[in-house]
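Read through the structure below, which is laid out as structure tokens, and then see the notes.
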Amino acid sequence: MRLFKSLLAVIVGIGILSFITGHGYVWGGIQETYFRGWKNSNIDDLEFRDIRVLQSADVAQPWAEKLNEVNPFTEEDEAWNEKYLSASFLVIQNDTIRHETYWQGHDEQTVTNSFSACKSIVALAIGLASDRGLLDINDSVAKYLPRFIGEAGRGLTIKELLQMRSHIPFGESYSSPLGFMAKAYYREDIRSLVEPYKVTDAPGSRWKYEGGNTMLLEEIIASLGKGSLSDWVERELWQPMGAENDAFWGLDAPLEEGGVERCFAQFYATTRDYARFGKLLNSAGKWGDRQLLSEAFTEAVTTPIAQTTDACDAEHYGYQIWLGETSNGEAFSCMEGLRGQMIISVPELNVVVVRTGYSKQELKQGELPADIYRVLDMGLRSING
């Protein structure tokens, strides 16, 4: 009992101190995490969010189903799924569900947090604006955000933001409660958080993964005056792709107060609906008989940086998306998030693999999160036997 009181006193003390020092968001973070038994934010935190709703399609397009009876999980895979608290695993080939498994009480109606997987959705939204002639990815960021005129921007382009080559030192720590990402995830008015950051030296030569780049992309979309990021995605992608369920995007304030999407995370959808983004990439931006995103831009999204410029040799990343090859040499892309959320697309095989979960290994295979390859292998076994 004494230990409990001491712990409670420490937590309350931290909360009071956070408000005194101007870090009141920390208390909100503690309520969302430690009070629920987690050390960090997790996939089932929608109840804490101010949100925009992305309405499902008027005429939903459910997936066909032809389940393969083959168990894709080895004993090692089963242990991995248990250890890292997998919540869902879905494999679609040729627009047909071939395998579907849920754990942790989840099912096909459960919506979960994408975390950084939605960065790729922001890139697609930039493509929509580009296709409509509202911007050019080679444009200077300063054209849309005047604070980057001159030395503050050093000629930074939208393309360099898309490829994480901005040379803006936002920081990407997920462990510090006072770091940039914790503030971006929990505090209000994230535009003011991003505003002071400037380019430190001539951009383009270094790849560095930082969510602040995605936040600037969202701000550029908003500057076009054609609706919010959610408006773009709902109108031009979510509904045309026949989404069966509503999606939700977390905001930094209530909608009626002008809340802005936390575009680097906090997109919430079902596993089956997440797979629609994978199909779109596999189909070169086409959905049925409609070209939702130009073939040229869709191809650019999944083209390695090193193939688009001599300034940077990064082969593992495109426009806000991870890139690699299967063991047989087929190219794949992966929308990937903090807890091992993955939407993997293999165009040559017309396969989409979606995994959601509460955790992942903190290991890399080359430059990519190592678990991408494990999930991909499980997915391919489910169709090949």
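We did not get these values from a lab; they are worked out from the coordinates using the rules stated. Note that the coordinates shown come from a computational prediction; the quantities given were computed from them, not determined experimentally. Positions of Cβ are generated from backbone atoms using ideal geometry, with glycine treated the same way; all protein chains shown enter the neighbour counts.
Numbers at a glance
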quantity	calculated
All lysines inside 28 Å of K208 as judged from Cα atoms, apart from same-chain residues fewer than 8 positions distant	K39, K119, K143, K159, K183, K198, K279, K360, K364
Length released on extending from S192 to D107, taking residue separation times 0.36 nm less the Cα-Cα span	26.8 nm
Extension gain from E47 to L134, taking 0.36 nm per residue of separation minus the Cα-Cα distance	27.8 nm
Positive-end residue, the chain charge dipole about Cα centroid, Cβ charges, pick of I137, G250, Y174	Y174
Once exposed loop GluC sites (Glu not before Pro) are cut out (DSSP; at most 11 other Cβ, 10 Å), longest piece of the chain	70-361
The range 328-347 versus the range 352-374: alpha-carbon centroid distance in Å	9
17 Å cut-off, amide nitrogen to a point 7 angstrom out along T303 Cα→Cβ, residues in the range 325-359	331-333
Cα-centre dipole for the chain with unit charges at Cβ (Lys and Arg positive, Asp and Glu negative), debye to 20	940
Whole-number percent relative contact order across the chain, with pairs defined as alpha carbons under 8 Å at least 6 apart	24
Other-chain or far-sequence residues with amide H under 5 Å of F332's (modelled H)	G324, E325, T326
Ranked H316, H167, criterion: other C-beta atoms within 10 Å, fewest first	H316, H167
Spin-label model distance (nm) - E82 vs A60, 7 Å beyond Cα toward Cβ	3.4
Under the Karplus curve 6.51 cos²θ - 1.76 cosθ + 1.60, θ = phi - 60°, whole-Hz ³J(HN,Hα) for the range 317-329, x wherever Gly or Pro sits	9, x, 8, 6, 8, 7, 10, x, 9, 6, 5, 9, x
Potential lengthening between Y209 and T96 on full extension [0.36 nm per residue; Cα-Cα distance subtracted]	37.3 nm
Integer Hz, Karplus 6.51/-1.76/1.60 couplings in order for the range 104-112, x for Gly and Pro	6, x, 7, 8, 5, 9, 6, 9, 9
Karplus 3J(HN,Hα) series, Hz, for the range 86-92 with 6.51 cos²θ - 1.76 cosθ + 1.60 (x for Gly, Pro)	4, 10, 7, 8, 10, 10, 10
Simple label model, 7 Å out from Cα along Cβ direction - E295 to S223, nm	3.2
Correct choice for percent of Cα pairs over 36 Å apart that was computed from the model, options [x] 21; [y] 30; [z] 16	[x]
